[in-house]
Amino acid sequence: MKLLYCLCFISSFYINKMYTTICAVPVDAPAEVSDSIFARFVSDFQTSPDALFNWAFYGVGTQEDDEKNAFLLEYKETVYVPEKNYGCITTDVVIPGVTRFKNIVLEGTVIDEKDTIIYNPNLCVDSLNMNNIPNWNRHFYIDVSYSKSLLEHGFGNIYIIPIDSTHSVFLMDINIKYGWFFNIFVTMKVYKNSVEWRVNRYMNNLKRIAEELYAEQ
């Protein structure tokens, strides 16, 4: 399906001290299957968040190319607090040869929305932008805060967009405003190597699991 292949893209830009990445990944599985992957993500996030590192977050900590590892993530623990509807990720952030930020706690608030499936058989690249989302089946919003030198604010959206009865698209944007130290350290090249790569890996993890599940049905 040529239309889907042209939708596979990732792009990043920097405006007003905020780094933004937009990523769209075609999925050879219907929206119902892609939706079940997000249901699994939400379930794991709320009941056994550490399990996410076995599939959704698998392999996002370190790259094989050491030259691209401007900073490393060494995850320690993820906890969901149901009465406040947010998760806490504890991680060390390592700048190789420079310093280690220990036990960084990122608090994330999650909003999960579902809507009726409406297919988009004529969907094209030009219609995909974060200000005008085409018909979506599921919207997953995460807001992360950490008020020190590492991260001032971060937020992201993930959408499942139905194409037809056998295809869908994962669309994500992630927005990061670094704290004073990282804002000096991070350049667009560092950001692309460190964050854009992780976004792409995460999205392709979701794609792979959805397609494997659909193939088994």
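Bear in mind these aren't lab numbers, they're just calculated from the coordinates by the rules spelled out. Source: prediction; values computed, not measured. Every residue, glycine among them, receives a Cβ derived from its backbone with ideal geometry; neighbour counts consider all protein chains shown.
Could you give the length gained by full extension between His153 and Glu77, i.e. 0.36 nm per residue of separation minus their alpha carbon distance, to one decimal place?
Taking His153 through Glu77 to full extension adds about 25.3 nm, to one decimal.
Let me check I've understood the local charge: for Val27, count other residues with C-beta under 9 angstrom from its C-beta, Lys and Arg +1, Asp and Glu -1. What total comes out?
Result for the local shell: -1.
Long-range amide H contacts for Ile104: which residues qualify at under 5 Å (H placed 1.01 Å from N, peptide plane, sequence gap of 5 or more or a different chain)?
Amide H to amide H, under 5 Å and 5 or more residues apart or across chains, Ile104 pairs with Thr91, Asp92, Val93.
Taking only the alpha-carbon positions of the chain and ignoring solvent, what does the Debye formula give for the base-10 log of I(q)/I(0) at q = 0.08, 0.12, 0.15, 0.17 Å⁻¹?
Results for the chain at q = 0.08, 0.12, 0.15, 0.17 Å⁻¹ read -0.28, -0.65, -1.02, -1.29.
Can you compute the helix-only [θ] at 222 nm over the chain? Use -39500 (n - 2.57) per DSSP H run of at least 4 residues, normalise by all residues, nearest 500 deg cm²/dmol.
-7000 deg cm²/dmol, from helical runs alone.
Got a sec? How would Cys23, Cys88 order by Cβ neighbour count within 10 Å, fewest to most?
Cys88, Cys23
Which of rounded, prolate, oblate describes region 87-130, given a ≥ b ≥ c as roots of the alpha-carbon gyration tensor eigenvalues and a/c under 1.5 marking rounded, otherwise prolate only if a/b is larger than b/c?
oblate
To the nearest 0.05, what FRET efficiency results for Glu107 and Asp164 with a Förster distance of 25 Å applied to their C-beta separation?
After rounding, the FRET efficiency stands at 0.05.
Can you put Tyr141, Tyr191, Tyr119 in order of Cβ neighbours within 10 angstrom, beginning with the fewest?
In increasing order of surrounding Cβ atoms, one gets Tyr141, Tyr119, Tyr191.
Which of Lys84/Lys177; Lys114/Lys189; Lys76/Lys114; Lys84/Lys207; Lys17/Lys207 have a Cα-Cα distance over 28 Å?
Lys114/Lys189; Lys76/Lys114; Lys84/Lys207; Lys17/Lys207
In percent, what relative contact order does region 2-216 have, based on Cα pairs under 8 Å that are 6 or more apart in sequence?
27 percent
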